[in-house]
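Note sheet for the following structure.
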Amino acid sequence: MTEGNISSWKVKEGDSFSTGDILLEIETDKAQMEVEATDDGVMAKITQGDGSKGVKVGARIAVLADPDEDLSSLEIPAEDTPKISQPGKSEKPTQQESAPAKESQPQEAERKTEVGNMPSSAGEPKQQSYPLYPSVQFLLHSNGLSNSEASKIPATGPNGRILKGDVLAYLGRIEKSYSAEQSKRIAKLGHLDLSNIKLAAPHAQKDIKPTTKEVQPVPEPPVELSLPISLTAVLATQSRLEKTLGIHLPTSTFVARAIDLANSDLPNSPNRKPTANDLFNSVLGLDSLSPRTTYGHFNPQITPYALKSAGAPAQPVPMHKRKTDIFDEILGSKPKTRNLPAPATARPVKEAVNVFTVSASRGDEKRAMIFLERVKTALEAEPGTLVL
């Protein structure tokens, strides 16, 4: 950086400041920064005020004094201005320096001739009030152009500033209209252009064919299997329990235990899907470890055999005897008993042979028949095993 601008002073003349206080703000073409005090002191005089432009590096901008110093008696030294050496008064160059100087003279003459013949760019020459960009300064210095010649270069940058492309166009390295075209292009792309957007045409609706529902196969109805079973042995076992132990075990308890016993260890259903353990055992060749029997879930419907036979009238079943009420004793009246026809329920009837009916899916007929035969054996031949 060779020069900068003073934006504003934060401390006025005669004000005291401490270490770390901000004295002023300076700005360059690329940055803006604050200047802090490195020691305590007093602002004696400001030589470059707010808004000063192009202040050279090393130039005096203010005079600082010690905190205990009297400003009225303070002598401000004169500013040392650097002396510009003139070519005529300079010492004679040495032989080594004169040789490259002589060689550079033809090159400068050729460069001036080329620059004079080059057309100007689209901008207009303007006196530069802003600091030049570092890229512009580098091009000027590398091509031997002074800052005074920079004002002759047509500028296309913002606020009339010289751009790198302006210098290249002035030197003839690019076309003269390149910088102006790029500036227009950047300005055009600075906003979103929606002028070329058109509404899309609506898509033609395709003919939607009605989808036909797939006809799912109707499952086959279950098969009903029936077997008549006598409860004579159960009734005999009930009477023996009442005579010997004084315990009345209902007929429904015998039937429920017989059903549970018959469902145990039934052969596997052919419709049964293999479990994960079965598949794992088959992979290892251990099919013999897979269970070959399972617990069934058959629940038979029990109806009296008299209702199953055609044209057989239902036998009336007397109701349970009603207990004598105290009001009947006082009034001397007796409760009336009514006979009702036997209901067709699933409860076993003691006086007749009952028919056990189960529903089985296709393929489970053999398994259901084994279940009914086990129930028949338990109720007719081995009712005593159902007591425990």
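Worth pointing out:
- Taken over region 36-63, the criterion of being outside any loop (DSSP other than H, G, I, E, B) and in contact with a Lys or Arg (Cβ under 9 Å, 6 or more places away or on another chain) is satisfied by Met43, Ile46, Ala62, Val63.
- Filter pass, Leu261 being assigned by TED's automatic domain parsing to the domain that holds Val375 and either in contact (Cβ under 8 Å) with a residue 40 or more places away in the chain or among the basic types (Lys, Arg) (or both): yes
- The set of residues from region 156-210 being of a type in the set (S, T, N, Q) and surrounded by 13 or more Cβ atoms within 10 Å (Cβ to Cβ) comprises Thr156, Ser177, Ser179, Gln182, Ser183.
- Within region 191-247, being assigned to a loop (DSSP other than H, G, I, E, B) and in contact (Cβ under 8 Å) with a residue 40 or more places away in the chain holds for Glu220, Pro222, Ser230, Leu231.
Each row is one residue, and each column tells you yes or no for (1) of a type in the set (Asp, Glu); (2) farther than 30 Å from Ser252 by Cα; (3) touching a strand residue (DSSP E or B) at 6+ places or on another chain (Cβ under 9 Å).
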| position | (1), (2), (3) |
| --- | --- |
| Lys184 | no, yes, no |
| His191 | no, yes, no |
| Leu194 | no, yes, no |
| Ile208 | no, yes, no |
| Lys213 | no, yes, no |
| Pro219 | no, yes, no |
| Val223 | no, no, yes |
| Ala233 | no, no, no |
| Ala236 | no, no, no |
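The values are calculated or read from the model by the stated rules, or taken from the named source; none is laboratory data. Only a predicted model underlies this, so the values are computations on that prediction, with no experimental measurement involved. Note that we place each Cβ from the backbone using ideal geometry, even for glycine, and neighbour counts take in every protein chain shown.
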